[in-house]
1. Give a residue-ordered list of calculated ³J(HN,Hα) values for region 73-82 (Karplus: 6.51 cos²θ - 1.76 cosθ + 1.60, θ = phi - 60°; whole Hz; x for Gly, Pro).
2. Going 7 Å from the Cα of Met103 in the Cα-to-Cβ direction, what parts of region 50-78 have a backbone nitrogen less than 19 Å from that spot?
3. Considering the Cα trace of the chain, what is its radius of gyration and what is Dmax, both in angstroms?
4. If the only charges are +1 at each Lys and Arg Cβ and -1 at each Asp and Glu Cβ, what is the size of the charge dipole of the chain around the Cα centre, to the nearest 20 debye?
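No lab work stands behind these numbers, since they all come straight from the coordinates. All figures in this text were calculated on a predicted structure; none of them were measured in a lab. All Cβ positions, glycine included, derive from the backbone under ideal geometry; neighbour counts span all protein chains shown.
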Amino acid sequence: QVHLVESGGGLVQAGDSLRLSCSASGRTFSGYAMGWFRQAPGREREFVAAINWSGRGTYYAESVKGRFTISRDNAKNTVYLQMNSLKPEDTAVYYCAASSLSMATMNAADFRSWGQGTQVTVSS
């Protein structure tokens, strides 16, 4: 089992940037893919980005492609989500997740461990 703790959320204005961090403990961090998901009020949780075990393969939702960047530091057991050019529609609780697979996927069912979430609010 992996324990995940997100940080870095907050209230920003449209066009601003934020970097989310997710610290992992438990299972060997470098052995599995990591992902970020988000859930806005009244909406289902949706995929945002994922990165494979080595950091060389990444996937993004179309809505964030070109604005968000996922990265990982296996030496620090941490995955990041750099969010630039934020929009009000990016407002959501952002969740970090650890996959059961080494290669990244966009399917929430492949992710077995989840953090508690961090709130990101983007004002217009």
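1. Running phi through 6.51 cos²θ - 1.76 cosθ + 1.60 with θ = phi - 60° gives 10, 5, 6, 9, 6, 9, 10, 10, 9, 7 Hz.
2. 50-61
3. Both quantities, over Cα of the chain: 13.2, 41 Å.
4. On the way: 12 positive and 9 negative charges, 50 e Å.
Once rounded to the nearest 20, the dipole reads 240 debye.
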